[in-house]
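The values are calculated or read from the model by the stated rules, or taken from the named source; none is laboratory data. Computed from a predicted structure; not experimentally measured. Using ideal geometry, Cβ is built from the backbone for each residue, glycine included, and neighbour counts are taken over all protein chains shown. Protein only, heavy atoms only, side chains kept; ligands, DNA and RNA dropped before computing areas. Shrake-Rupley method; radii C 1.70, N 1.55, O 1.52, S 1.80 Å.
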Amino acid sequence: MSTAAYAAASAGAALAPWSIERRAPGAHDVQIEIAYCGVCHSDIHQARGEWGGGIFPMVPGHEIVGHVGAVGNAVTRFKVGDAVGVGCFVDSCRECASCRDGVEQYCSNGMTVTYNGYERGTQTPTHGGYSTRVVVDENYVLRVPAGIPLDRAAPLLCAGITVYSPLRHYGLKAGDQIAVVGLGGLGHMGVKIARAMGAKVTVLSTSPSKRDDALALGADDFAATREAATFRKLAGKFDFILDTVSAAHDYNAYLNLLKRDGTMILVGMPDQPVPLAAGALIMGRKRLVGSLIGGIRETQEMLDFCATHNVASDIELIPAARINEAYERMIKGDVRYRFVIDCASF
Ligand code: NAP
Ligand code: ZN
Ligand code: ZN
């Protein structure tokens with residue numbers, strides 16, 4: 001099936017209209033007519049080759065929502081018309097310990113990423129949601145609960161689960177003090193979800209102009225990280241720090257803001273390594289940990305949690321033709337708080 005898309009022809013090239021072929025749905029497949037696709041900073045990192053390699057032409061996009069247009073004859077969980085989503089991966093080996101534990105993102109044989117990968121066991125590149133249609137095995141399709149507007153649900157499929165999963169895994173509790181570093185796509189979902197879990201949230205940002213937004217999103221406090229006084233005033237305050245920053249920065253300074261036994265969670269993935277002082281962890285027995293998106297079961301749990309707690313992304317809806325401009329604005333930190341492509345604009 002010929003499908004309209006936007007692609008980067010090579011690393012760093014501007015995205016431009018392109019046409020891809022989607023397979024006809026097999027017995028276990030769901031064909032999804034894409035309504036909206038969120039724009040994640042990982043799309044920029046990959047389309048520009050910042051994480052090395054990359055399969056081009058590349059159609060980015062892993063925050064996909066839409067409606068089921070057709071199902072294979074063995075599909076049991078979805079029917080035509082259902083509101084559904086697809087996140088960062090579309091398959092995995094289904095046999096390794098991680099797949100059996102429902103954390104397919106850590107598949108030891110490699111998850112099949114939604115784009116910038118290959119269809120399992122083939123040399124056919126996968127292509128993402130900057131397109132009008134995608135075909136995915138039903139085991140890797142999520143149900144979008146009624147009650148979350150579809151366009152505002154798209155960013156939950158990556159930004160939402162990426163912050164939800166570590167907060168659950170590392171045990172954020174009601175009443176805990178958490179700092180969210182970087183108020184972008186992931187960061188704003190971090191504020192909303194941590195708040196819905198009952199935590200006290202402080203936003204740490206390089207953009208003083210985001211103060212009012214941070215408080216409106218549900219943060220209890222805001223501090224500007226370009227002011228040195230912030231790092232003195234907030235020393236030892238937090239049980240958790242959720243670091244969503246996309247560019248290299250000094251982790252040591254943030255570790256000093258943790259309480260004894262506090263945990264700093266890295267989800268932002270800069271392309272450059274950062275030196276770490278052992279003392280920053282030793283003094284106060286601190287933990288520096290990371291986390292990658294979330295498994296299918298937990299992603300569904302997150303979507304249901306968001307529906308229950310009235311949580312959705314704050315978005316700026318754009319036509320596909322404005323994708324390059326959106327990338328430039330994201331790099332400047334100028335996004336409130338997620339660009340979402342209206343796929344009716346193709
Ligand atoms: P985004 O919307 O561009 O937000 C990133 C934020 O980081 C910006 O809004 C800005 O916030 C802050 N920032 C940017 N440059 C900075 C700098 N030089 N110094 C300090 N702060 C800076 O990006 P996103 O989509 O949320 O993604 C964030 C990162 O997470 C990316 O690296 C992405 O690849 C990664 N990611 C990881 C996972 C995972 O599974 N671990 C999943 C998705 C994305 P302020 O203006 O508030 O400072
Ligand atoms: Zn993403
Ligand atoms: Zn596996």
Worksheet, complete the sentence: Apart from one, (1) surrounded by fewer than 21 Cβ atoms within 10 Å (Cβ to Cβ); (2) part of a loop (DSSP other than H, G, I, E, B); (3) away from ligand 2 (no atom under 16 Å from the Cβ) all hold for SER19; the odd one out is (2)
Practice prompt. Take the range 22-55 and flag every residue that is open to solvent by 60 Å² or more (accessible area, probe 1.4 Å) and aromatic (Phe, Trp, Tyr).
Written response: TRP51
Worksheet, complete the sentence: Sole miss for PHE78 among (1) out of contact with any strand residue (DSSP E or B) (no Cβ under 6 Å at 6 or more places or on another chain); (2) part of a loop (DSSP other than H, G, I, E, B); (3) not small (Gly, Ala, Ser) is condition (1)
Discussion item. Being free of Cβ contacts under 8 Å to residues at least 12 places away in the same chain, more than 18 Å from the chain's Cα centre (by Cα) and more than 16 Å from ligand 3 (Cβ to nearest atom) is the requirement here; does SER205 meet it?
Written reply: no
Worksheet entry | Of the criteria (1) within 13 Å of ligand 3 (Cβ to nearest atom); (2) in contact with a Phe, Trp or Tyr (Cβ under 7 Å, 6 or more places away or on another chain); (3) open to solvent by 50 Å² or more (accessible area, probe 1.4 Å), which one ARG120 fails | (2)
Practice prompt. Considering each of ALA154, ALA179 in turn, give the residue that is among the small types (Gly, Ala, Ser) and touching a Gly at 6+ places or on another chain (Cβ under 7 Å).
Written response: ALA154
Worksheet item: If you take just the strands (runs of 3 or more DSSP E) that sit entirely in the range 141-252, which of them hold at least 2 residues that are more than 16 Å from ligand 2 (Cβ to nearest atom) and at pLDDT below 95?
Response: none
Worksheet item: Could you say whether any residue in the range 130-149 is within 15 Å of ASP43 (Cα to Cα), open to solvent by less than 30 Å² (accessible area, probe 1.4 Å) and more than 16 Å from ligand 1 (Cβ to nearest atom)?
Response: yes
Practice prompt. Among the residues of the range 263-291, write down those that are open to solvent by less than 70 Å² (accessible area, probe 1.4 Å) and part of a loop (DSSP other than H, G, I, E, B).
Written response: VAL267, GLY268, PRO270, VAL274, ALA277, GLY284, LYS286, SER291
Practice prompt. Would you confirm whether any residue within the range 2-9 is more than 29 Å from PRO145 (Cβ to Cβ) and either part of a loop (DSSP other than H, G, I, E, B) or touching a residue at least 60 places away in the same chain (Cβ under 8 Å) (or both)?
Written response: yes
Practice prompt. With the condition kept exactly as written, say whether any residue in the range 96-106 is more than 23 Å from VAL71 (Cα to Cα), among the polar types (S, T, N, Q), assigned by TED's automatic domain parsing to the domain that holds ILE341 and away from ligand 1 (no atom under 16 Å from the Cβ).
Written response: no
Item to complete: Report whether or not ARG260 is part of a strand (DSSP E or B) and open to solvent by 30 Å² or more (accessible area, probe 1.4 Å).
Response: yes
Fill in: Residue ID - surrounded by the fewest Cβ atoms within 10 Å (Cβ to Cβ), chosen from residues in the range 306-335 that are more than 15 Å from the chain's Cα centre (by Cα) and of a type in the set (D, E, K, R)
LYS332
Discussion item. When the residues of the range 104-116 are narrowed to those that are of a type outside the set (S, T, N, Q) and either over 23 Å from GLN300 (Cα atoms) or within 14 Å of ligand 2 (Cβ to nearest atom) (or both), which ends up surrounded by the fewest Cβ atoms within 10 Å (Cβ to Cβ)?
Written reply: VAL113
